[in-house]
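A.B. asks: Sending over a structure as structure tokens; questions will come in a sec.
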There are 2 protein chains.
Amino acid sequence: MSSELLPGIVTDTIASLSRLPGIGPRSAQRLAYFLLQAPEHLPRELGDLLMRLQAETELCRICCNICDTQPCALCSSRDRDRSVICVVEEPQIVSVIDRMGQFNGLYHVLHGTLSPLDGRGPEDIRLKELWRRLDVGGEAEVREVIVATSPDLPGQATAQWIADELRNHPIKVSQLARGLAAGSDLEYADDVSFRFALEGRRIL
Amino acid sequence: MSSELLPGIVTDTIASLSRLPGIGPRSAQRLAYFLLQAPEHLPRELGDLLMRLQAETELCRICCNICDTQPCALCSSRDRDRSVICVVEEPQIVSVIDRMGQFNGLYHVLHGTLSPLDGRGPEDIRLKELWRRLDVGGEAEVREVIVATSPDLPGQATAQWIADELRNHPIKVSQLARGLAAGSDLEYADDVSFRFALEGRRIL
């Protein structure tokens, strides 16, 4: 039906859902009709959560991860190794890495990468907060920073910047290894991964 | 991170988003992080719309489509042909058909199909409301009912039920034609469509 025949709140909901990543106009319409016809508590609960989502969360003043206590549960945990900080681009990477159960240190969330082409410099991401953690008088026990930015150009530029800034600092700066993914088929390896694998080869 | 380290409102939002059709746990997490970091008005506006969505809409007392006026804009329009009613399963089909601009009559939304296997009988869908429109004293000018249910078993059962119920009624009951989709390749036609196409063949 011509959209002016749809109730305004329905077209507004479709438009608002279309703004979410990965949701086109067709999916947005399907979701809106689902929510219109679902048990009433479903859209009401989701709506209530979305209304409160940003107001009831903040960034941890230490690691800049999303949290609802200050400092966050990770930064205030006694079970984590406080001598190593894993630096990630976005909060969701903290979930990804922690789910693997391989890393027991602390995190630092940059909320972005350096990208001169897009006009994002060091002051646009949470680097100041990282330096503060590493400075004398900060979390003085930190011995290593593992930079876990993405293996793309901005991620690499960010890792390099952090390494350069900490060059005259006693803290070790490392980066996650790159190479062939476990279980992957060499036949289908991309050339960049192969170059990393070759450069990083180990003597057996 | 172990989920107990995520703020409760974030895990609740991820769980609530996962209940939407076509959105798995990974997409739900991606959407939640997007909404956490989006400009604040975005989640607030969507949340507000979802809170109000069902409260501010209702079903048209004539055609049972979703509306915010009684009767709905379509049923009260003077530009529509009131002698023909197109019967559809769900409100979104009204949008689909009306967008094509080929049909200028009225609609009737059943909100489901007959499906004895799932225990859905005539009283579970909006058939009573359809009979009322066709009865003497109702919209007496209706001359044809076009049943536009889906070309599957419940859709076909529903169409047949409507045709049988109106057998001794002066109103004509028709069904959308089935066959090969325009522009489709015969090589890839499914057997059911081909059977419909063969049965409905026309003399040239």
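The values are calculated or read from the model by the stated rules, or taken from the named source; none is laboratory data. Only a predicted model underlies this, so the values are computations on that prediction, with no experimental measurement involved. With ideal geometry, Cβ positions are generated from the backbone for all residues, glycine too; neighbour counts draw on all protein chains shown. These area figures cover heavy atoms from the full protein model, side chains too; ligands, DNA and RNA do not enter into them. Shrake-Rupley method; radii C 1.70, N 1.55, O 1.52, S 1.80 Å.
A.B. asks: Which residues, counting only those in the range A:140-165, are charged (D, E, K, R) and either closer than 19 Å to residue A:91 by Cα or in contact (Cβ under 8 Å) with a residue 60 or more places away in the chain (or both)?
C.D. replies: Passing the criteria: A:143, A:144, A:152.
A.B. asks: Among (1) within 12 Å of another protein chain (Cβ to nearest Cβ); (2) modelled with pLDDT of 95 or more; (3) in a loop (DSSP other than H, G, I, E, B), there is one condition residue A:104 misses while meeting the rest; what is its number?
C.D. replies: Condition (2) is where residue A:104 drops out.
A.B. asks: Also, I was wondering about something else. For the range A:116-126, how many residues meet the condition of being over 15 Å from residue A:149 (Cα atoms) and open to solvent by less than 50 Å² (accessible area, probe 1.4 Å)?
C.D. replies: Here the count works out to 1.
A.B. asks: From (1) out of contact with any Lys or Arg (no Cβ under 8 Å at 6 or more places or on another chain); (2) open to solvent by less than 70 Å² (accessible area, probe 1.4 Å), pick out the condition that doesn't hold for residue A:204.
C.D. replies: Result: residue A:204 passes all but (2).
A.B. asks: Here are the criteria: (1) assigned to a loop (DSSP other than H, G, I, E, B); (2) under 17 Å from residue B:109 (Cβ atoms); (3) touching a Lys or Arg at 6+ places or on another chain (Cβ under 9 Å). Tell me which single one residue B:179 does not satisfy.
C.D. replies: (2)
A.B. asks: Identify all residues within the range A:55-65 that are farther than 15 Å from residue A:107 by Cα and open to solvent by 70 Å² or more (accessible area, probe 1.4 Å); write none if there are none.
C.D. replies: A:55, A:56, A:58, listed by residue number.
A.B. asks: For the range A:66-115, name all the residues that are in contact (Cβ under 8 Å) with a residue 60 or more places away in the chain, within 10 Å of the chain's Cα centre (by Cα) and surrounded by 22 or more Cβ atoms within 10 Å (Cβ to Cβ).
C.D. replies: The answer is A:87, A:88.
A.B. asks: Does residue B:16 fit the bill of being out of contact with any His (no Cβ under 9 Å at 6 or more places or on another chain), under 16 Å from residue A:47 (Cβ atoms), among the small types (Gly, Ala, Ser) and not in a loop (DSSP other than H, G, I, E, B)?
C.D. replies: In short, yes.
A.B. asks: Can I ask one more? With the checklist (1) in contact with a helix residue (DSSP H, G or I) (Cβ under 7 Å, 6 or more places away or on another chain); (2) more than 7 Å from every other protein chain (Cβ to nearest Cβ); (3) more than 30 Å from residue A:73 (Cα to Cα); (4) in a helix (DSSP H, G or I) in hand, flag the one item residue B:74 doesn't pass.
C.D. replies: (2)
A.B. asks: Under the condition of being more than 7 Å from every other protein chain (Cβ to nearest Cβ) and under 24 Å from residue B:9 (Cβ atoms), which residue from the range A:30-51 is nearest to the chain's Cα centre (by Cα)?
C.D. replies: A:32
A.B. asks: Could you please tell me which pairs satisfy a Cβ distance under 7 Å, a separation of 6+ or placement on different chains, a first residue in the range A:171-184 that is within 28 Å of residue A:134 (Cβ to Cβ), and a second residue that is open to solvent by 80 Å² or more (accessible area, probe 1.4 Å) and not polar (S, T, N, Q)?
C.D. replies: Final answer for the pair search is A:171/A:143; A:172/A:143; A:178/A:151.
A.B. asks: Condition first: at the interface with chain A (Cβ under 7 Å from one of its Cβ atoms) and surrounded by 13 or more Cβ atoms within 10 Å (Cβ to Cβ). Now tell me which residues in the range B:18-29 satisfy that.
C.D. replies: B:19, B:20, B:27, B:29
A.B. asks: State whether the residues of the range A:130-150 include one that is touching a Lys or Arg at 6+ places or on another chain (Cβ under 8 Å) and either among the hydroxyl-bearing types (Ser, Thr, Tyr) or more than 25 Å from residue A:59 (Cα to Cα) (or both).
C.D. replies: no
A.B. asks: Could you grab me the full set of residues in the range B:143-171 that are more than 17 Å from the chain's Cα centre (by Cα), of a type outside the set (A, V, I, L, M) and open to solvent by less than 50 Å² (accessible area, probe 1.4 Å)?
C.D. replies: B:144
A.B. asks: So, one more: Output the residue which, of all residues in the range A:52-67 that are more than 20 Å from residue B:47 (Cα to Cα) and out of contact with any helix residue (DSSP H, G or I) (no Cβ under 6 Å at 6 or more places or on another chain), is nearest to the other protein chains (Cβ to nearest Cβ).
C.D. replies: Among them, the one singled out is A:67.
A.B. asks: Could you tell me whether any residue of the range B:36-54 is open to solvent by less than 70 Å² (accessible area, probe 1.4 Å), polar (S, T, N, Q) and assigned to a helix (DSSP H, G or I)?
C.D. replies: no
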